[in-house]
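Scroll down for the structure; my scribbles are underneath it.
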Amino acid sequence: MSHIVAPSILSADFGKLNEAFEMINQSRADWFHVDVMDGVFVPNISFGFPVMKSLKKVAKKPLDVHLMIVQPERYIEDFAKAGANILTVHYEACTHLHRTLAAIKEAGMKAGVAINPHTPISFLKDILYITDLVCMMSVNPGFGGQKFIENTYSKIKELKAMADSQNLQPYIEIDGGVTLSNAKSLIEAGANALVAGNTVFSAANPMEAIEALKNF
Ligand code: DX5
Ligand code: ZN
């Protein structure tokens, strides 16, 4: 199966969000990547339910929602109602991660775990079997357009080996600093989902950038 490309709407022009949504609908992108930030877990505030509501009305593709918020378990039902298809919480934000992932699935969504660059892959060993997607942060979360952290490659390989050893096939999603220069190596290392904000929305032709990311 070819890899997933998920443009992050965080990098879109918020004055022209509908245009961005339609562009993604018409492109070869697979998912909408929706970055929700609370100003506590990360030093930035992005957007929440009102924006998701407008997106859900027009979206023809699944919403891959990345929660960069503390105590995400408080909002599982709300995100299900707002139309999230995949709901990803941060390992670092969850005291009872197993319970939170189970509740996400119970609410009818796929369950994702995001890990910050400093969090070791080995911490996922006992949770991987109920994880549909691992969102591996390749920048420190909070902002689009940051520089890719090279150590990510070895983490991808380690995660792929761990998943193989448990006979599991989670999405291995790379989030942050994905470009047309590193996409191919990321896929070769074992990634099967790429988030792209800046690479898509700073391109002269965003649809072509998505096409290029799909074609690796
Ligand atoms: C970072 C977000 C990312 C970000 C990616 O905190 O989780 O999804 O928008 O943007 P780029 O691709 O520009 O690094
Ligand atoms: Zn993200």
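The values are calculated or read from the model by the stated rules, or taken from the named source; none is laboratory data. Source: prediction; values computed, not measured. Here the Cβ positions follow ideal geometry from the backbone for every residue, glycine too, while neighbour counts run over all protein chains shown. What goes into the accessible areas is simple: the full protein's heavy atoms, side chains included, and nothing from ligands, DNA or RNA. Shrake-Rupley method; radii C 1.70, N 1.55, O 1.52, S 1.80 Å.
Per residue, the convex hull around the alpha carbon atoms of segment 161-216 comes to 74 Å³.
Within straight-line reach of residue 147, meaning a Cα separation under 14 Å, sit the following aspartates and glutamates at least 8 residues removed in sequence or on another chain: 175. Leaving ligands, DNA and RNA out of it, work out the accessible area of residue 75 with a 1.4 Å probe and give it in Å² to the nearest 10. We get 80 Å² for residue 75.
For the options 149, 104, 115, a Gaussian network treatment of the chain with springs between C-alpha atoms closer than 10 Å singles out 149 as fluctuating the most.
Taking Lys and Arg as +1 and Asp and Glu as -1, the other residues whose beta-carbon sits under 14 Å from that of residue 58 total +4. For the set 32, 143, 47, 41, the ranking by accessible area, highest first and with no ligand, DNA or RNA atoms included, is 143, 41, 47, 32 under a 1.4 Å probe.
At 0.36 nm per residue, and after removing the present C-alpha to C-alpha distance, how many nm does the segment from residue 61 to residue 123 gain when stretched out fully? Working shown, then result.
Working: separation 62, 0.36 × 62 = 22.32 nm, distance 3.13 nm.
Fully extending the segment from residue 61 to residue 123 adds 19.2 nm.
From helices alone, the chain scores -9000 deg cm²/dmol at 222 nm; the rule is -39500 (n - 2.57) for each run of n ≥ 4 DSSP H residues, then divide by the residue total.
Are there any trypsin sites (Lys or Arg not before Pro) in segment 24-69 that are in a DSSP loop and have at most 15 other Cβ atoms within 10 Å? List them by number.
Working: sites: 28, 53, 56, 57, 60; in loops: 28, 60.
When the trypsin sites (Lys or Arg not before Pro) of segment 24-69 are filtered for loop state and at most 15 Cβ neighbours within 10 Å, 28, 60 remain.
A crude spin-label estimate for the pair residue 168 and residue 146, with each label 7 Å from Cα along the Cβ direction, gives 2.5 nm. Given the C-alpha centroids of segment 14-72 and segment 156-198, what is the distance between them in whole angstrom? About 21 Å separates the Cα centre of segment 14-72 from the one of segment 156-198. Restricting the calculation to Cα atoms, every distinct pair contributes to the Kirkwood radius of the chain, found to be 17.0 Å.
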